[in-house]
Amino acid sequence: MPDDATTDETPDTTPNPAVTTEPGPVMGAALGLQRGIDRVASWGQTAAWIAVLATLAVGIANVVLRYVGFLVGRSLTSNGLVEAQYYLYSVIFLLGFAYVLRDQINVRVDFWFADQPPRRKAWIDLVGHVLFLVPFALLGAWISIDPVQFSWRVGETSPDPGGLPRAPIKTLILVGLTTLAVQGIAEIIGLVAYLRGHAPSPHETHQSATPVVK
């Protein structure tokens, strides 16, 4: 029998470089928490995409009503409709924070990071998340609490006639920063799990989806 006839039956004993050890109870619970947070980010992703479609619809309606109103000599649009458009822009960004971080689809202006090995990238992101991202998001959320409460208490509305209430969109600032901080914690868990050999590299997982500008 030819020697190569048994080649396909030879077991592959090459270790998987992505996951080298099984997580213990604490890390397993942390990874479970990470998966739960990631699912919450998916809700924000869905809401952001709905807001994109709504923004397109409102923008088209504004343009059509403006030109039709010009033809008939009447104002068919309103400040509320105009404000709804940039409110929806805000919804896209504020509710998209978490899933953009989770999927690493933010544009990186990068002259150095992209060429680093995976473990060094993980350490850079871990330090950045712990020292800057999560504290910044939590600080922003904390600072926004009083303005949000005040806006609801006084029933704040737009100063323009027919404008929209301000409290709901201000609340989304608090929601967006809070979900960003929570997702940052989830990313920290994933990075620690990778560095300890319990999970694949998050950078390699999302590498193809991350736009990089050099």
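Annotations
- Test: PRO117 is open to solvent by 20 Å² or more (accessible area, probe 1.4 Å), without any contact (Cβ under 8 Å) to a residue 60 or more places away in the chain, over 30 Å from SER78 (Cβ atoms) and more than 20 Å from the chain's Cα centre (by Cα): yes
- Condition broken by SER75, with the remaining ones in (1) open to solvent by 30 Å² or more (accessible area, probe 1.4 Å); (2) hydroxyl-bearing (Ser, Thr, Tyr); (3) in a helix (DSSP H, G or I) satisfied: (3)
- Only a single criterion out of (1) closer than 27 Å to ALA167 by Cα; (2) open to solvent by 60 Å² or more (accessible area, probe 1.4 Å); (3) not in a helix (DSSP H, G or I) is not satisfied by LEU53, namely (3).
- Here PRO202 passes the criteria (1) open to solvent by less than 20 Å² (accessible area, probe 1.4 Å); (2) at pLDDT below 95; (3) in contact with a Leu (Cβ under 9 Å, 6 or more places away or on another chain); (4) under 30 Å from LEU31 (Cβ atoms) except the one numbered (1).
- Exactly one residue among THR157, THR179, THR171 is under 24 Å from VAL82 (Cβ atoms) and either among the basic types (Lys, Arg) or within 23 Å of the chain's Cα centre (by Cα) (or both), and that residue is THR171.
- Residues located in the stretch 87-114, provided they are under 19 Å from the mean Cα position of the chain (by Cα) and outside any helix (DSSP H, G or I): GLN104, ILE105, ASN106, VAL107, ARG108, VAL109
- Test: residue in the stretch 138-148 that is open to solvent by 70 Å² or more (accessible area, probe 1.4 Å) and of a type outside the set (A, V, I, L, M): yes
- Within the stretch 149-167, if we keep just the residues that are touching a residue at least 40 places away in the same chain (Cβ under 8 Å) and at negative phi, the residue that is surrounded by the most Cβ atoms within 10 Å (Cβ to Cβ) turns out to be LEU164.
The values are calculated or read from the model by the stated rules, or taken from the named source; none is laboratory data. Note that the structure is a prediction, hence the values are computed from the model and not measured. Glycine also receives a Cβ, built like all others from the backbone with ideal geometry; neighbour counts cover every protein chain displayed. We work out accessible area using only protein heavy atoms, side chains counted, and drop any ligands, DNA or RNA first. Shrake-Rupley method; radii C 1.70, N 1.55, O 1.52, S 1.80 Å.
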